[in-house]
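Structure record follows, encoded as structure tokens.
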Amino acid sequence: MKYGYFDNDRREYVITDPRTPVKWVNYIGSLAFGGIVDQTGGSLLCAGDPGLNRITKYIPQLPASDFKGTTLYLRVRGKDGVELISPFFTPRLDAFDLYECRVGLSYQTIVSEIRGIRTEVTIFVPTGESVELRDIRVTNLRDDEVDVEVVPVVEYSHFDALKQFANADWVPQTMMSEALPIDADHLALLQYPFLRKDGAVNYLSASGAVSSFESDRKIFLGGNEYGTWREPLALASGHPLSCYEARRGDNIGALVLPLGTLQSGAEERVVAMLGQAERDEIRTTVTKYCNHHEVDAAFERLADFWSANLSVFECRTPDPDFDAMVNVHNPRQCYMTMNWSRYLSLYQLGIGTRGLGFRDSSQDVMGGLSGAPGEAKELLRKLLSIQKPDGSAMHQFYPATMEADCGDAEEEKDNGKLVYGDDHLWIVSAVCAYLKETGDRDFLDEKITYYDASLSIDGRPDGTVMEHLCKALAWTKENVGDHGIPLLGFADWNDCVNLPGKAESMFNACLYGLGLREMIELCEHLGHDDLAERYRGDHADMRQQVNEVAWDGDWYVRYFTEQGEALGSRNNAHGAIYTNAQSWAVMAGFAPEERASRALDSVREKLNTPFGIKLSGPGYNQYDPEIGGVTTYPPGAKENGGIFLHSNPWVMIAETMLGRGDRAFEYYSQINPAKRNDDIDLFEVEPYCYPQNILGDEHPQFGLGRNSWLSGTASWTYQAATKFILGIRPGHDGLVVDPCVPSSWDRFEVTRRIRGASYRIVVENPQGVSRGVASITVDGKALDGGVIPYCDGGEHLVEITMGEESHGVVEDVTELAAAG
Ligand code: GLC
């Protein structure tokens with residue numbers, strides 16, 4: 001342990017030293033209102049849109065020692081006079097006797113003891129509300145009495161986050177504050193840019209009386225602003241704040257909340273509120289949370305939500321780090337990723353041209369849907385509504401307006417060049433995963449409009465969800481290049497290999513293959529035999545094509561340029577092998593058994609490192625506009641030979657399909673951030689969630705992680721662990737049981753709740769195999785086959801014995817090879 005530890009009983013990670021190598025954050029609330037909170041109490045909040053409705057000024061690029069967005073001071077008067085304390089460590093950076101930041105499920109609790117004052121603050125957003133609560137308790141641990149004032153502070157951003165930085169006259173000329181009395185004792189300090197004074201405004205308020213306040217940063221810091229956040233002169237003076245209602249400037253909110261005299265051992269509580277609302281709603285919310293029972297009830301509702309969310313899949317295996325991730329931290333990350341997409345994190349600031357990605361969100365749905373199927377369905381509807389009438393899809397949308405565009409390829413849109421060749425295909429797997437989880441067949445008949453910006457929403461053509469899926473597959477079938485492989489477009493999943501002209505993508509071929517497999521299963525289940533037959537034919541055709549043109553001897557190539565040159569081939573000095581072409585050839589059911597194992601062995605030989613599998617290698621070593629954005633990174637960074645974590649679970653899944661459980665688990669463990677907890681100074685980012693990338697071995701800082709939280713790694717690692725390693729995966733007709741685990745595991749247990757019933761699944765592995773089910777009983781009755789039919793409610797005991805006598809193994813590559 002270096003900076004903290006996992007408290008699995010409380011489902012928290014506890015940071016015990018605030019000086020983590022970079023800020024370690026957590027999410028509160030939702031995109032409707034919420035954001036990130038770091039381990040020193042700073043928060044980046046927005047409402048609905050992080051670029052266009054930003055609330056706090058949180059600048060990740062500033063040094064970690066700065067306070068960012070929000071903070072808290074205590075002004076303590078004891079026998080030694082007036083002292084300022086920072087219970088969140090920043091900005092005063094005082095030495096502390098105890099520091100605990102409990103990273104919880106949609107809440108953050110920061111406990112500190114400094115100079116005999118204990119402060120405990122729980123930060124969260126009540127579900128569905130537009131207010132962040134800071135539930136503050138202060139205890140006097142000294143022998144003498146002290147007089148305590150609590151001072152919550154927020155530094156506001158202009159709602160247009162980019163303008164805040166781009167226009168240093170217009171912004172301050174428009175920012176204003178106003179004190180709104182709530183009742184005789186309470187007030188809300190409002191903040192808004194002039195043009196929004198009649199709309200929703202930001203406010204800072206509290207459940208306790210406000211004795212004075214400040215809204216202007218210059219006055220608060222003092223000395224013509226040569227006062228510092230460490231020692232704001234207005235606060236340090238011990239006097240009341242000026243109660244100035246700013247009409248311009250750099251707006252802050254600071255409230256002085258007197259707790260009165262605390263005798264030795266006494267505790268007092270006050271709740272600060274930072275929200276956004278129409279003026280007449282503010283009074284209702286503030287009055288509600290002045291009642292601390294309401295605060296407790298809101299916190300309990302949040303806990304209930306998470307208990308239900310996490311109860312859908314709980315496991316007990318021989319590996320506690322695996323259990324911590326699968327039971328708590330990974331599903332939490334999946335949920336946050338499904339909500340936030342790539343819209344707001346320390347690394348992705350939701351400013352400018354980045355909305356919710358079609359491909360990203362489709363994948364996020366697959367990770368988050370078991371815990372929150374209703375929210376997943378809503379997101380699927382939105383995604384389907386930005387699919388175009390021809391079956392392809394817009395690249396991203398902005399949830400506040402539901403407008404869509406083509407992201408980085410927007411300029412290409414009208415050049416007759418294809419945009420992204422992969423986006424639309426992801427929705428097929430996402431919808432099928434949703435159907436397998438919920439059995440909600442009616443969804444397939446629901447009509448959803450196609451996207452056409454030239455028509456009003458009501459005038460747009462529509463189609464059933466089933467039609468949307470068929471069109472997606474048809475589009476790719478019809479858009480192939482000279483080798484019969486689907487066109488790349490501006491890019492596929494690998495955003496930054498941008499080959500000109502009619503280049504072809506092996507990834508798109510495989511994604512199409514997986515989509516076909518999903519549709520074959522669905523059609524068989526629905527009894528659409530003709531369609532199933534047609535898709536079987538399409539799958540066989542593409543499989544044959546891929547094996548004819550893309551096998552390079554020891555692995556599959558990744559792209560064909562317009563000139564017909566293969567990239568990701570032994571003939572390339574740089575980018576000679578790409579992970580995804582190998583893992584996906586297996587996942588798509590394209591690779592015959594021998595090629596499948598050869599391709600995955602090549603990944604191991606050429607791309608594996610102790611910190612994860614590299615996306616490709618060797619890295620390109622100079623900028624090449626003909627290859628694209630990937631060559632802007634130095635070798636070893638990001639997509640250019642970095643360990644791009646998102647691709648690692650695909651190799652795990654492929655390995656389980658070959659029955660190689662030891663390898664799959666080794667790959668799982670080597671990127672498990674919980675396993676980095678003890679040498680985290682190298683990794684730097686949070687040990688309780690997956691980052692997007694780790695620097696690869698061609699880089700001098702090999703092992704350094706970045707871009708934590710919002711990554712497809714969350715969804716796919718969760719799927720790899722639950723559906724493929726533990727092997728409990730929903731099918732259309734029942735729960736498929738097909739574990740592929742380390743041979744050293746002699747036993748594990750899973751509780752899976754699905755479609756109203758609960759299954760306690762106990763797996764014994766007496767012969768030490770990796771894969772293979774010798775027997776299954778459900779409630780004591782032997783089951784023939786590896787699929788447990790869905791029960792109508794109730795709790796069921798499933799007992800499984802693994803063994804060589806393989807029983808009920810479905811969908812393996814060998815079968816496909818024989819069939820193809
Ligand atoms: C980022 C993008 C994602 C893309 C990946 C690989 O994570 O959000 O859409 O697939 O990079 O380039």
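The values are calculated or read from the model by the stated rules, or taken from the named source; none is laboratory data. From a predicted model like this one, the values you see are computed outputs, not experimental measurements. Cβ: placed from backbone, ideal geometry, glycine included. Neighbour counts: every protein chain shown.
Brief remarks on what is shown
- For the range 655-662, the count of residues that are over 21 Å from Val37 (Cβ atoms), within 16 Å of the ligand (Cβ to nearest atom) and part of a helix (DSSP H, G or I) is zero.
- Count - residues of the range 219-270 that are closer than 24 Å to Asp94 by Cα and assigned to a strand (DSSP E or B): 15
- Some residue of the range 284-298 being within 30 Å of Glu795 (Cβ to Cβ) and either outside any loop (DSSP other than H, G, I, E, B) or modelled with pLDDT under 95 (or both): yes
- The residues listed here are Ile680, Ile627; of these, the one that is surrounded by fewer than 23 Cβ atoms within 10 Å (Cβ to Cβ), in a loop (DSSP other than H, G, I, E, B) and either within 16 Å of the ligand (Cβ to nearest atom) or of a type in the set (A, V, I, L, M) (or both) is Ile627.
- Positions within the range 464-504 being over 14 Å from Phe560 (Cβ atoms), touching a Leu at 6+ places or on another chain (Cβ under 9 Å) and either of a type in the set (Gly, Ala, Ser) or within 14 Å of the ligand (Cβ to nearest atom) (or both), in sequence order: Ala472, Phe490, Ala491, Trp493, Asn494, Asn498
- Restricting the range 769-789 to residues that are outside any strand (DSSP E or B) and over 35 Å from the mean Cα position of the chain (by Cα), the residue that is surrounded by the most Cβ atoms within 10 Å (Cβ to Cβ): Leu783
- Residue within the range 169-187 that is under 31 Å from the mean Cα position of the chain (by Cα) and buried (at least 22 other Cβ atoms within 10 Å of the Cβ) present: no
- Glu749 meets the conditions (1) within 30 Å of Arg676 (Cβ to Cβ); (2) in a loop (DSSP other than H, G, I, E, B); (3) more than 16 Å from the ligand (Cβ to nearest atom); (4) not aromatic (Phe, Trp, Tyr) in every case but one. The failed one is (2).
- Of all residues in the range 391-443, those being within 30 Å of Pro730 (Cβ to Cβ), charged (D, E, K, R) and in contact (Cβ under 8 Å) with a residue 40 or more places away in the chain number 6.
- Selected residue (criterion: surrounded by the fewest Cβ atoms within 10 Å (Cβ to Cβ)) from residues of the range 39-73 that are within 20 Å of Val151 (Cβ to Cβ) and within 18 Å of the chain's Cα centre (by Cα): Ser43
- Within the range 332-349, the only residue that satisfies the criterion of being in a helix (DSSP H, G or I) and within 11 Å of the ligand (Cβ to nearest atom) is Thr337.
- Of all the criteria given as (1) in a strand (DSSP E or B); (2) farther than 22 Å from Gly104 by Cα, the one not satisfied by Gln692 is (2).
- Selected residue (criterion: modelled with the lowest pLDDT) from residues of the range 350-387 that are within 14 Å of the ligand (Cβ to nearest atom) and in a loop (DSSP other than H, G, I, E, B): Thr353
- Here Val557 fulfils each of the conditions (1) in contact with a Gly (Cβ under 7 Å, 6 or more places away or on another chain); (2) closer than 20 Å to Ser602 by Cα; (3) surrounded by fewer than 20 Cβ atoms within 10 Å (Cβ to Cβ) apart from (3).
- Beta carbons closer than 9 Å, at least 6 apart along the sequence or on distinct chains, pair a first residue in the range 683-703 that is under 18 Å from Gly575 (Cα atoms) and in contact (Cβ under 8 Å) with a residue 40 or more places away in the chain with a second that is part of a loop (DSSP other than H, G, I, E, B) and among the basic types (Lys, Arg) for Asn693/Lys638; Leu695/Lys638; Gly696/Lys614; Asp697/Lys614; Glu698/Lys614.
- Which listed residue is of a type in the set (D, E, K, R), over 26 Å from the mean Cα position of the chain (by Cα) and assigned to a loop (DSSP other than H, G, I, E, B), from Asp495, Asp458, Asp482, Asp530: Asp482
- Filtered by the rule that a residue be away from the ligand (no atom under 16 Å from the Cβ) and either touching a helix residue (DSSP H, G or I) at 6+ places or on another chain (Cβ under 8 Å) or within 19 Å of Met366 (Cβ to Cβ) (or both), the range 691-717 gives Gly703, Leu704.
- Of all residues making up the range 130-143, the number that are surrounded by fewer than 19 Cβ atoms within 10 Å (Cβ to Cβ) and either of a type in the set (Asp, Glu) or in contact with a His (Cβ under 7 Å, 6 or more places away or on another chain) (or both): 1
- Test: residue in the range 790-797 that is out of contact with any strand residue (DSSP E or B) (no Cβ under 7 Å at 6 or more places or on another chain), surrounded by fewer than 18 Cβ atoms within 10 Å (Cβ to Cβ), in a strand (DSSP E or B) and modelled with pLDDT of 95 or more: no
- Residue check for Tyr667: free of Cβ contacts under 8 Å to residues at least 60 places away in the same chain, of a type outside the set (Val, Ile, Thr), more than 16 Å from the ligand (Cβ to nearest atom) and within 26 Å of Ala721 (Cα to Cα): yes
- Single residue of the range 549-577 satisfying the filter (free of Cβ contacts under 8 Å to residues at least 60 places away in the same chain and outside any loop (DSSP other than H, G, I, E, B)) that is nearest to the chain's Cα centre (by Cα): Ile577
- Some residue of the range 632-649 being within 27 Å of Tyr5 (Cβ to Cβ), away from the ligand (no atom under 16 Å from the Cβ) and surrounded by fewer than 22 Cβ atoms within 10 Å (Cβ to Cβ): no
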